[in-house]
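Just below is one structure, and these are the notes that go with it.
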Amino acid sequence: MNAPLQAKAVKTTCPYCGVGCGVLARPDGFGGAQVQGDPEHPANFGRLCSKGSALGETLSLDGRLLHPMMRGPAGVMARAPWDDALNAVAKGFRETIARHGPDSVAFYVSGQLLTEDYYVANKLMKGFIGSANIDTNSRLCMASSVAGHRRAFGADTVPGCYEDLDEADLLILTGSNAAWCHPILFQRMLKNKRERGARIVVIDPRATPTSDEADLLLQIAPGMDSVLFSGLLAYLADQGVLDRDYIRDHTNGFSEALARARHIAPDAEAVAEQCNVPRERIETFFAWVAATRKTVTLYSQGVNQSAQGTDKVNAIINCHLATGRIGQPGMGPFSLTGQPNAMGGREVGGLANQLAAHMDFEPGNVDRVRRFWDAPAVAPRPGLKAVDLFDAVAQGRIKALWIMATNPVVSLPRADAVRTALGNLELLVVSDVVAATDTIRAGAHILLPAAGWGEKDGTVTNSERRISRQRGFLTTPGEAQPDWWIVSEVAKRMGFANAFNYASAAEIFEEHCALSAFENGGTRDFDIAGLGTLSHEDYAALDPVQWPVAKNETNGAKRLFAAGGFYTPDRRARFVAVAKPKLAAEPGRYLPLLLNTGRIRDQWHTMTRTGKSPRLGAHIEEPRIAVHPDDAQSFNIEDGAFARVSTLHGSAVLRVAVTPSQRRGEIFAPIHWNGETASDARVGALVHAACDPISGQPEMKATEATIAPVQFAMHGFFLTRKPVDLPTGVWWARSTVEGGFGYRIAVPSSNTKHWADIARDLLGNDEIYAELLDEGQGRYRAAIIRGETLDACVFLAKSPQALPGWEWLKQQLAAPSLTEPARRALLAGRAAEAGTDSGPVVCACFGVGRNAICRTISDRRATSPEAVGRELKAGTNCGSCIPEIRRLIAETEAQPQPQAV
Ligand SMILES: Nc1nc2c(c(=O)[nH]1)N[C@H]1C(S)=C(S)[C@@H](COP(=O)(O)OP(=O)(O)OC[C@H]3O[C@@H](n4cnc5c(=O)[nH]c(N)nc54)[C@H](O)[C@@H]3O)O[C@H]1N2
Ligand SMILES: Nc1nc2c(c(=O)[nH]1)N[C@H]1C(S)=C(S)[C@@H](COP(=O)(O)OP(=O)(O)OC[C@H]3O[C@@H](n4cnc5c(=O)[nH]c(N)nc54)[C@H](O)[C@@H]3O)O[C@H]1N2
Ligand code: SF4
Ligand SMILES: [Mo]
């Protein structure tokens, strides 16, 4: 897997998380590519996590949108020439604007667009259509960090850099499961812990793979971060650990903020009570922070996605300002960005309440941007934020909507209501790389095929303000085009040819740099004038660089604000007196539990890309709801069974995982499964849309919910070459496996013969190679062989325990030909020799299963992840599975060992 690549590898950037790892990609000539980490990229120095390592498996054209499509008069989607599709989009938007004004149209865009794509979309809406109704999925992701930064620093600036994670002595992760969501950065933190002895503190209502590696876990009551950090501020003041000079010289508002902090959280006892964390742990945390100057506080969605997310951000920043721990090596507040270009989107002004290049709607800015763009009608005021924007769609105020590179029918809160709302639109345009998503199925009129990762060129900015190039290395399939091209072509057809006459991404980048510098004079943090003079060859060869990059410079600033210099009018940072937090939900008011939502290690969002990779699909194959053992008991729910999770907004049926990692009263579901990959697991449909009043970011981590057992009569699985259409009433979850698809299923009735007939129909009645139907036992098994290979199989039984594992069968599906013993063993579901089923994949890089790891631990007495790595290679590439291996060691060792006789 890690064979050295030949010279011709193309340097590009991973399209997943905001770590922004450098990737070396070498096309294999068959439309795929071999991928490895770029040893020279300063984010990852050659490492990639499981998702980055599997990029090569996601490049197939299966399911790709390859041609523009338009809905015909009969409602049927049909291929259309580019010209017709672009004209129809332009005409639709023009006519809607003419009839109902510019605010009747909107764009909903994404942190997965490249900066150049994003720039032209923002320019078209805010400068030429004259509305600010362009918002982005970053509203669901980064809006509270943006608002918190702007309140404190006067600009949306991340002050530090990744090297701070190597140099800190205390790393606080709050609302972040970095072990799974920012794995390469987390590996850097673990290296620091191992080699320099840095301590790691995790603050999260759940125990997570991140907290497994921590020195201290504060399992905080949801939403209470501002209490904790207010208590910390009061403690730091009491202990005299403040940096009085820094406060005096570079900040305003300290005494008000401290007074408020003391009011909210006067002492450790008050913090312990509100956060529901044992007092000793709070005291340890406070003492460690007080004693450790080199402290970095990293935060992500547990902070941002909150009804008081902006306050949470400021409560954290307050502590750093008060101690002067900002902008110096190994210290600072650090917002971890989610998407690959969440940061780039903020730079261009993709949020509805930003104008462009870190300028807001202050009249001087509107005028400045108007002159720079030579624009007819720059939007004079902020537009609708995502949740409001989709409410406006529901109310018919927005009539034409263009969605680019995001899947809101899965990812917005109240996703069922969003789906219904989209049906109201007079015009729904979707630009995507895949042909079928829940959003597309919600009634798109026009589909525009976008060039995907590896096919397009441009830049992205990662969490440490580092701009890196994404470079194309594959030919663009079908008629797909880069997003910037699509937007520019529509703009031209709307009558704005002069302003959108771009020939390349490089030209757009040049304009973006120029706008960042235009009449800046040091008043705005986002200044990349130094990159504006790059020739197109220099742009093509651009090395990763951090902004700001002032005129005549080529290297950016690593850190900001060590000596003040904030972007407020008086150049001082602002302490913010935060409010006492309160969840939007009140468990017990209508429903008894709280539903928390988030991510798993090996899937990316709505799975349109990671869902194509067999090794990523093997880590967690089904959507699960995590439930505390006590709740499982009170709600009569069993581990491995099914439960319906319901809220006031929707419901889903998920497999139950009973685990003490949850706090009592709180359940957790992953966000990834959707209408394409599961029968009933659209978790976004359950989530309420209570938003932070300042940032407009919804509180997606705490919705009132309840849970009830769901009985299925039979359980089983299908392995097939092609997707199958399972009848309504069947519970299913689909994953990609080597050579085909795997479906975990459960069916509502125990009529074995009935389900056997359905299975035969789905698989091809006349092709059955071997079959077993036992109505008495309630068992059905069948296998189909075509030529030398296993083409499909189905297993059904009355209980999950009566099924074999499917790992061995998956291997047979992948095998180029079946051996004779394998053929004979098909209906048994396993090879005759015991112990060959390696179990669900733990290490995605080397495909090492759970059973194999457990056997190594118990047989050969491997007692450390390193020893497991030596035996099986597991955990030796990206390291993302090390926390799980550590957990398996603990669990396996806790089992009673067989006694020697
Ligand atoms: N594998 C994978 N990695 C990803 C992504 C992915 O889809 N898959 N997506 C990327 C994107 S866009 C993003 S935004 C990031 C998100 O990265 P993270 O924010 O790390 O991921 P989440 O799982 O959304 O949530 C993080 C944690 O917040 C906790 N939490 C919930 N409520 C609270 C609270 O009130 N206080 C505190 N302190 N914690 C709370 C949750 O229990 C959860 O463990 O991940 C990025 N990386
Ligand atoms: N309940 C709950 N909901 C959440 C969250 C949560 O924690 N809990 N997290 C929120 C967060 S932080 C985020 S970032 C969002 C993410 O949610 P989404 O943005 O909806 O998720 P993705 O699956 O990444 O959607 C990206 C879409 O763009 C397509 N695409 C990929 N590359 C390209 C390209 O180059 N061009 C174009 N035009 N299309 C492309 C993909 O096929 C896919 O359909 O989810 C949010 N929703
Ligand atoms: S940590 Fe993983 S997903 Fe994130 S950029 Fe790096 S390789 Fe990609
Ligand atoms: Mo995100």
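Using just its DSSP H runs of length 4 or more, each adding -39500 (n - 2.57), the chain gives a mean residue ellipticity at 222 nm of -8500 deg cm²/dmol after division by all residues. What is the Cα centroid distance between the range 743-818 and the range 211-263, reported in whole angstrom? One Cα centre to the other: 59 Å. Inverting the pair-averaged 1/r between distinct Cα atoms of the range 609-663 gives 12.5 Å as its Kirkwood hydrodynamic radius. Between the listed residues Ile694, Pro209, Pro73, the Cα displaced farthest toward the positive end of the dipole of the chain, a dipole computed from Cβ unit charges relative to the Cα centre, is found at Ile694. How far apart, in nm, are two points set 7 Å out from the Cα along the Cα-to-Cβ line at Asp543 and at Gln711? Going by the 7 Å Cα→Cβ label model, 6.8 nm.
Assuming charge only on the beta carbon of Lys and Arg (+1) and of Asp and Glu (-1), the dipole of the chain about its Cα centre is about 300 debye to the nearest 20.
Placing R0 at 60 angstrom, the Cβ-Cβ distance between Ser255 and Asp766 gives a FRET efficiency of 0.15 after rounding to 0.05.
With a 1.4 Å probe and all protein chains left in place, how much of the accessible area of the range 10-58 comes from carbon and sulfur atoms, in whole percent? Carbon and sulfur: 60 percent of the exposed surface of the range 10-58. Selection among Cys319, Asn122, Ala557 by position relative to the dipole of the chain gives Cys319 as farthest towards the positive end (Cβ unit charges, Cα centre).
Treating the range 712-828 as a set of equal point scatterers at the Cα positions, no solvent, please give the Debye-formula log₁₀ I(q)/I(0) at q = 0.13, 0.16, 0.20, 0.22 Å⁻¹. Debye output, listed in q order: -0.43, -0.67, -1.08, -1.32. Shape call for the range 529-624 from the C-alpha gyration tensor, a ≥ b ≥ c root eigenvalues: rounded (a/c under 1.5), prolate (a/b greater than b/c) or oblate? Note, shape of the range 529-624 comes out oblate. A quarter of the convex hull surface defined by the alpha-carbon atoms of the range 841-894 gives 2.9 nm² as the mean projection. Using a ≥ b ≥ c from the Cα gyration tensor of the chain (square roots of the eigenvalues), is it rounded, prolate or oblate, where a/c under 1.5 gives rounded and otherwise the larger of a/b and b/c decides, a/b for prolate? Oblate is the answer for the chain, as a/c is 1.5 or above yet b/c matches or exceeds a/b.
Considering the dipole of the chain built from charges on the beta carbon (Lys and Arg +1, Asp and Glu -1) around the Cα centre, which of Ala179, Leu258, Gln801 is farthest to its positive end? Going by the Cα projections, it comes out as Leu258. Over the range 712-828, accessible surface divided per residue gives 42 Å², non-protein components excluded, 1.4 Å probe.
Between Lys551 and Asn87, the simple spin-label model (points 7 angstrom out along Cα→Cβ) gives 4.6 nm.
Here the accessible area of the range 712-828 is 48 percent carbon and sulfur, with a 1.4 angstrom probe and all protein chains present.
In this view, the solvent-accessible surface of Glu775, computed with a 1.4 Å probe and all protein chains in place, comes to about 100 Å². Equivalent-ellipsoid semi-axes for the range 53-197 (Cα gyration tensor, √(5λ), whole Å, largest first): 42, 24, 11.
When every Cα-Cα distance of the range 599-754 is counted in 10 angstrom steps from zero, the calculated P(r) takes the values 11, 37, 36, 14, 2, 0 percent.
Taking other residues whose beta carbon is less than 10 angstrom from the beta carbon of Ala214, and scoring Lys, Arg as +1 and Asp, Glu as -1, yields -2. Look at where the Cα atoms of the range 10-62 and of the range 622-693 average out, and the two centres are 33 Å apart. Annotation: lysines with alpha-carbon distance below 22 angstrom to Lys580 (same-chain offsets under eight excluded): Lys312, Lys701. Computed over protein heavy atoms with a 1.4 Å probe, the carbon and sulfur contribution to the accessible area of the range 172-304 reaches 45%.
Can you classify the range 143-335 as rounded, prolate or oblate using the Cα gyration tensor, where a ≥ b ≥ c are the square roots of its eigenvalues, rounded means a/c under 1.5, and otherwise it's prolate if a/b beats b/c and oblate if not? Walk me through the numbers on the way to the answer.
Working: a/c = 1.33, a/b = 1.16, b/c = 1.15.
Here the range 143-335 falls in the rounded category.
What's the extension gain from Glu891 to Arg244 if we count 0.36 nm per residue and subtract their Cα-Cα distance? Don't skip to the end; give the middle numbers.
Details: separation 647, 0.36 × 647 = 232.92 nm, distance 4.90 nm.
Extra length available between Glu891 and Arg244 comes to 228.0 nm.
For the range 10-58, what is the charge dipole size about the Cα centre, in debye to the nearest 20, if Lys and Arg each add +1 at the Cβ and Asp and Glu each add -1 at the Cβ?
On the way: 4 positive and 4 negative charges, 15 e Å.
For the range 10-58, the charge dipole is close to 60 debye.
Using a cut-off of 19 Å between Cα atoms, the listed pairs Lys91/Lys492; Lys11/Lys558; Lys51/Lys722 include Lys11/Lys558; Lys51/Lys722 as exceeding that distance. Of interest is the spacing of the C-alpha centroids, which for the range 450-495 and the range 83-115 amounts to 18 Å.
The values are calculated or read from the model by the stated rules, or taken from the named source; none is laboratory data. Source: prediction; values computed, not measured. Methodologically, a virtual Cβ is constructed for each residue, glycine included, from the backbone with ideal geometry; neighbour enumeration extends over all protein chains shown. Ligands, DNA and RNA are excluded from the accessible area calculation, which covers all protein heavy atoms including side chains. Shrake-Rupley method; radii C 1.70, N 1.55, O 1.52, S 1.80 Å.
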